[in-house]
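Only one structure is covered here, and it is reproduced in the block below.
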Amino acid sequence: MNARLLAILGCLALGACGESAKAPHWPPFGGDPDQGRVLVTRASCGACHRIPGVENAHGEVGPPLAHYAQRTVIAGMLPNTPQNLTYWIAHPQAVVPGNAMPNTGLSDQEARDVAAYLYTLR
Amino acid sequence: MKRWLIPGAVGLVLGYVLMGLVVLAVVEFGLFDVRASTPHKRIVAWAAHKAMIDSMRLHSRHVQPPERFTPADVVAGFHAYDTHCVMCHGGPGVARAAWVKGMTPSPPYIVDSARFWTPAELFTIVNDGVKMTAMPAWGDTLGRGRVWNVVAFLEALPYLSPRDYDALRRAKGQMGPVFTGPKTAGPVPAQNG
């Protein structure tokens with residue numbers, strides 16, 4: 001077994017044991033994930049999305065949000081960065097007019113908090 | 001057998017008295033946080049949600065839905081929904097009113113409620129309301145016929161796109177978001193309702 005094959009197998013093994021290996025680590029962007037979790041209940045996100053760590057969040061209207069930190073593209077439109085995710089959460093109708101996700105009524109700070117919570121879903 | 005009977009009975013009674021005192025203390029000293037601005041504790045949230053589901057299932061057993069719903073029922077249901085329900089429950093692409101996020105429990109978006117509840121259960125929820133939430137018993141004001149129309153609309157709702165809902169609103173004469181196609185961002189409404 002040569003060194004190159006070992007290196008490839010080693011990388012595969014690492015990929016298999018940690019989903020979090022694929023999710024970027026964002027520097028702090030001013031979002032509070034604990035407050036974000038409260039806001040997720042407040043805004044009734046769970047009525048449309050399955051969201052780990054939130055009670056009664058088993059909606060099937062939109063995609064599940066498990067491992068959201070790994071999601072590369074938001075709503076098929078925006079690269080998943082804190083700024084884009086905050087914007088999407090606050091103004092989904094501006095990003096994809098006519099999509100089924102309503103404007104959430106969350107302020108920019110609240111959207112930032114929700115984004116911070118979603119980034120804990122590694 | 002008789003040895004433990006009396007101490008057992010005394011212990012049982014004392015246990016119940018103690019539980020009653022604890023409940024009284026929680027009520028009297030305001031130990032249960034009733035403020036809507038703070039979320040339920042997780043165990044309370046689980047219990048309240050489960051109690052609601054199981055209670056609705058029990059109380060809807062005697063309810064007989066109509067044979068079938070007609071398109072006219074669905075449209076009549078849309079009118080009632082758009083007038084009375086959308087500000088709390090939203091719709092496909094339609095936001096709830098701004099103050100709704102201050103409610104505990106939060107009225108859910110019910111776009112796919114028909115996937116989770118039977119028609120009889122939906123009828124019971126709408127007709128009889130839900131205690132300790134802001135969900136009224138609409139049967140009082142709308143009457144059973146209109147409530148069944150709303151159920152008909154809820155059955156159709158998972159199949160209505162945001163454009164369909166918007167078209168229904170415009171036919172009803174409501175202002176709504178203008179969807180001009182995927183490349184153009186139309187004006188975004190401040191809030192609905």
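The values are calculated or read from the model by the stated rules, or taken from the named source; none is laboratory data. What you see is a predicted model, and the numbers here were worked out from it, not measured in a lab. Cβ placement follows ideal geometry from the backbone for every residue including glycine, while neighbour counts extend to all protein chains displayed. In case anyone asks, the SASA skips ligands and DNA or RNA and just uses the protein heavy atoms, side chains included. Shrake-Rupley method; radii C 1.70, N 1.55, O 1.52, S 1.80 Å.
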Run lengths n ≥ 4 of DSSP H only: what is the helix-derived mean residue ellipticity at 222 nm for chain A, with -39500 (n - 2.57) per run over all residues, to the nearest 500? -11500 deg cm²/dmol
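If you average over every viewing direction, what projected area does the convex hull of the Cα atoms of the protein assembly as shown give, in nm²? Can you show the working numbers first?
Working: hull surface 110.9 nm².
Mean shadow area of the hull around the Cα atoms is 27.7 nm².
What is the average number of partner chain Cβ atoms found within 10 Å of a Cβ in A:44-52?
On the way: counts 13, 3, 3, 10, 7, 1, 0, 0, 0.
Going residue by residue through A:44-52 and averaging, the value is 4.
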As an exercise, identify the GluC sites (Glu not before Pro) in the stretch B:67-174 lying in DSSP coil whose Cβ has no more than 15 other Cβ atoms within 10 Å. B:Glu67
Given charges of +1 on the Cβ of Lys and Arg and -1 on the Cβ of Asp and Glu, with all other atoms neutral, how large is the dipole of the protein assembly as shown about its Cα centre, in debye to the nearest 20? 460 debye
For the stretch A:37-95, radius of gyration divided by Kirkwood radius, i.e. Rg to Rh on alpha-carbons: 0.95
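When all alpha-carbon pairs of chain A are counted, what percent fall beyond 25 Å?
When all Cα pairs of chain A are counted, 27 percent exceed 25 Å.
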Can you pull the accessible area of B:Lys41 for me, 1.4 Å probe, Å² to the nearest 10? 150 Å²
Mean ellipticity per residue at 222 nm, deg cm²/dmol - from DSSP H runs of n ≥ 4 across chain B, formula -39500 (n - 2.57): -16500 deg cm²/dmol
Assigned charges on the beta-carbon of Lys, Arg, Asp, Glu; the stretch B:41-107 dipole about Cα centre (debye): 460 debye
Size of the stretch B:1-69 as Cα extents on the principal axes (Å, biggest first): 66, 40, 19
Suppose the Debye formula is applied to equal point scatterers at every Cα of the stretch B:65-151; what is log10 I(q)/I(0) at q = 0.12, 0.16 Å⁻¹? -0.34, -0.62
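So how many Å³ per residue does the convex hull of the Cα atoms of the stretch B:78-121 work out to? Walk me through the intermediate numbers first.
Details: hull volume 3.9 nm³, N = 44.
Here the figure is 88 Å³ per residue.
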Largest to smallest principal axis extent of the C-alpha atoms in chain B, angstrom: 82, 40, 30
So how much slack lies between B:Thr141 and B:Val63, counting 0.36 nm per residue of separation and subtracting their Cα-Cα distance, in nm? 26.2 nm
What is the Cα convex hull volume of the stretch B:107-170 when expressed per residue in Å³? 97 Å³
Cross-link candidates for B:Lys41: which lysines have Cα within less than 21 Å, leaving aside residues fewer than 8 places away along the same chain? B:Lys50, B:Lys101, B:Lys131
Quote the accessible area belonging to A:Ser107 in square angstrom, nearest 10, computed with a 1.4 Å probe and with ligands, DNA and RNA left uncounted. 60 Å²
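So if I place +1 on the C-beta of Lys and Arg and -1 on the C-beta of Asp and Glu, and nothing else carries charge, what would the dipole magnitude of chain A be about its Cα centre? I want it in debye, nearest 20. Intermediate results must be reported in sequence, preceding the final value.
Working: 8 positive and 8 negative charges, 83 e Å.
Around 400 debye, computed over chain A.
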Within a Gaussian network of chain B (alpha carbon springs, distance under 10 Å), most fluctuating of B:Pro66, B:Pro119, B:Pro105: B:Pro66
Charges on Cβ only, +1 for Lys and Arg, -1 for Asp and Glu, centred on the Cα centroid of the protein assembly as shown; of A:Leu6, A:Pro79, A:Pro92, which one is farthest towards the dipole's positive end? A:Leu6
With axes computed from alpha carbons, what is the tilt in degrees of helix A:108-118 against the longest principal axis of chain A, rounded to the nearest 10 within 0 to 90? 40 degrees
Calculate, for the stretch B:1-60, the solvent-accessible area per residue in square angstrom, rolling a 1.4 angstrom probe over the heavy atoms of the protein chains. 87 Å²
Protein heavy-atom accessible area occluded, A/B pair - total, 1.4 Å probe, Å²: 2200 Å²
Taking the Cα centroid of the stretch B:17-52 and of the stretch A:47-83, what is the distance between the two, rounded to the nearest whole Å? 31 Å
Nearest 10 degrees is fine. How inclined is helix B:162-172 to the longest principal axis of chain B, computing both from alpha carbons? 70 degrees
Picking from B:Ile125, B:Ala76, B:Ala45, whose Cα lies most toward the positive end of the charge dipole for the protein assembly as shown (charges on Cβ: Lys, Arg +1; Asp, Glu -1)? B:Ala45
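What part of the accessible area of chain B, given as a whole %, is carbon or sulfur when the probe is 1.4 angstrom? Mind showing how you got there, number by number?
Working: 8030 of 12120 Å².
Roughly 66 percent of what the probe reaches on chain B is carbon or sulfur.
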Compute the separation of the alpha-carbon centres of the stretch B:80-121 and the stretch A:84-98 and state it in Å as a whole number. 20 Å
